[in-house]
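Have a look at the structure below before the remarks.
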Amino acid sequence: MTEPAAPQAGAPPVPDVARSVFGDALPAAERYVARLAGDGVTRGLIGPREVPRLWERHVLNSAAVAEAVPEGARVVDVGSGAGLPGVPLALARPDVELTLVEPMARRVEFLEEVVAELGVPWRVVRGRAEERAVVRTVGPVDVVTARAVAALPRLVGWCRGLLRPGAQLVALVGARALEELPALLPELERAGMRNVHPRAVGAGLGEAATTVVVMTRGSR
Ligand SMILES: C[S@@+](CC[C@H](N)C(=O)[O-])C[C@H]1O[C@@H](n2cnc3c(N)ncnc32)[C@H](O)[C@@H]1O
């Protein structure tokens, strides 16, 4: 995929667990982290205080999503921002076919540069998930991933058109969204989603372990 990464000034050290998560793609993951720590900060995509915790809080936390994604899935990462969780997911799981969807021009530019630097076959699409042109270009897919994009009911409304019936939405959520989940179930079901459940992922990744909410689009 890419040559081994040269150590970069300012890039945080690689945690041991990253080797087992990324395997042969570790050099590519290191390049991505170096780019986030450099360009990502100067261009305002990542806060400078995030740099020391880029691996655990962002990259490994995103790669943990891989556990909830079936083999060979067509995946769209919606509201990808600087590439999270899509980029670490697809580096950890080269079997998936990844599209990154993001409306903001400077973030799209960053994502296109990441794809070019890593020499990977991912698509970057500029637009909002719910736009007809985006749905026409991208969908329908097997899995939509999202981190920190919107509350679940709104996210479902935006992503429905991208999900084929039976496809899954996998959303990384914080503690508050998890607490609110039981109260949201009727609304999510009215929006056509089935089998909505939280799933712990990334056991063994230390502080990068997290929870995703997984739900399946029904047939209507
Ligand atoms: C808080 S950022 C999170 C970025 C990234 N997922 C992460 O975890 O670092 C939310 C992102 O969602 C994008 N976004 C907002 N509304 C969107 C929509 N309707 N469709 C796709 N992306 C959207 C924003 O441009 C922004 O990049």
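Per-structure values
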{"read-out": "DSSP-defined beta bridges in the range 60-217 - what % are antiparallel, rounded to 5", "value": "40 percent"}
{"read-out": "Shape category assigned to the range 101-220 from the gyration tensor of Cα positions, a/c cut at 1.5", "value": "oblate"}
{"read-out": "Helix-derived mean residue ellipticity, 222 nm - over the chain, DSSP H n ≥ 4, -39500 (n - 2.57), to 500", "value": "-9000 deg cm²/dmol"}
{"read-out": "Cα Rg over Rh - the range 47-89, Kirkwood", "value": "1.02"}
{"read-out": "Accessible area (Å², 1.4 Å probe, nearest 10) - Glu71", "value": "150 Å²"}
{"read-out": "Relative contact order [Cα under 8 Å, 6+ residues apart], the chain, whole percent", "value": "18 percent"}
{"read-out": "Cα principal axis extents for the chain, largest first, Å", "value": "50, 36, 31"}
{"read-out": "Rounded, prolate or oblate (a/c below 1.5 giving rounded, otherwise prolate when a/b exceeds b/c) for the range 178-220 by Cα gyration tensor", "value": "oblate"}
{"read-out": "Model label zone, Ala175; criterion: amide N under 16 Å from point 7 Å along Cα-to-beta-carbon; scope the range 197-217", "value": "207-212"}
{"read-out": "For the chain, accessible area per residue (1.4 Å probe, heavy atoms of protein chains only), Å²", "value": "46 Å²"}
{"read-out": "Protein accessible area in the range 60-217, 1.4 Å probe - carbon and sulfur %", "value": "50 percent"}
{"read-out": "Square roots of 5 times each gyration tensor eigenvalue, C-alpha, the range 36-133, largest first, Å", "value": "20, 18, 12"}
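The values are calculated or read from the model by the stated rules, or taken from the named source; none is laboratory data. Treat the numbers as computed from the prediction; the structure is a model and nothing was measured. When we count neighbours, we look across all protein chains shown, and the Cβ atoms used for this are built from the backbone with ideal geometry, even at glycine. For the accessible areas, the whole protein counts, side chains as well, though only heavy atoms, and no ligand, DNA or RNA atoms are used. Shrake-Rupley method; radii C 1.70, N 1.55, O 1.52, S 1.80 Å.
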